Amino acid sequence: MAWTKHWVKPIEDRLAVGGHNHADFHAPDEFLKIIRETSSLAALKAHFPAPRRQLIQALEHFGFDFMELLRTQIRDGKNDSELAALHAVDAKWIADIRGKLGIPSHRGRPSRQVADEILRDAYANHKNYAGAARELGMDPRTFGRRYRAAVRRPAQ
């Protein structure tokens, strides 16, 4: 097993922080205070340089649920790239965690939701998908798919 340059390890009620052939012991209060104030893994890593996995394991050892923090931040409307910048991690890692938490992800911007009646009227005006899609500011393929679905549903 390879040794990391910097590391943290919870030992009973203290936190061992090591690097460069020595270790210091810290109270978990200062460790937890940083994450509670900043809600950022990057800020925690700035004070305690160590691998992400070790930091998260130490947080969980001392009773802080990092996954719940991420769940809260996602529900507050932060997207994967914002969370990746906040925590100084890769956006793919955030997307993976989002999947493990069971929270759906929307790639890019969500497409416009248009009422069936508006789709039918736009097609009636232009007699083709491209013109109707241009009028509504949609991709022609998206328009075609939604128009066909709207035609199958009964008018209200």
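The values are calculated or read from the model by the stated rules, or taken from the named source; none is laboratory data. Just so it is clear, the model here is predicted, and its values are computed rather than measured. Every residue, glycine as well, gets a Cβ built from its backbone with ideal geometry; the counts of neighbours run over all protein chains shown.
Before moving on, here are some points about what is shown:
- Sole exception among (1) surrounded by 14 or more Cβ atoms within 10 Å (Cβ to Cβ); (2) modelled with pLDDT of 95 or more for A124, by number: (1)
- Any chance A23 is among the small types (G, A, S) and modelled with pLDDT of 90 or more: no
- Count of region 117-137 residues which are farther than 15 Å from R148 by Cβ and of a type in the set (S, T, N, Q): 1
- A95 being closer than 30 Å to R14 by Cβ, surrounded by 12 or more Cβ atoms within 10 Å (Cβ to Cβ), out of contact with any Leu (no Cβ under 6 Å at 6 or more places or on another chain) and outside the structural domain of I11 (by TED's automatic domain parsing): no
- Evaluation of P10 against (1) in contact with a Phe, Trp or Tyr (Cβ under 8 Å, 6 or more places away or on another chain); (2) surrounded by fewer than 17 Cβ atoms within 10 Å (Cβ to Cβ); (3) not hydrophobic (A, V, I, L, M, F, W, C) (one fails), failing number: (2)
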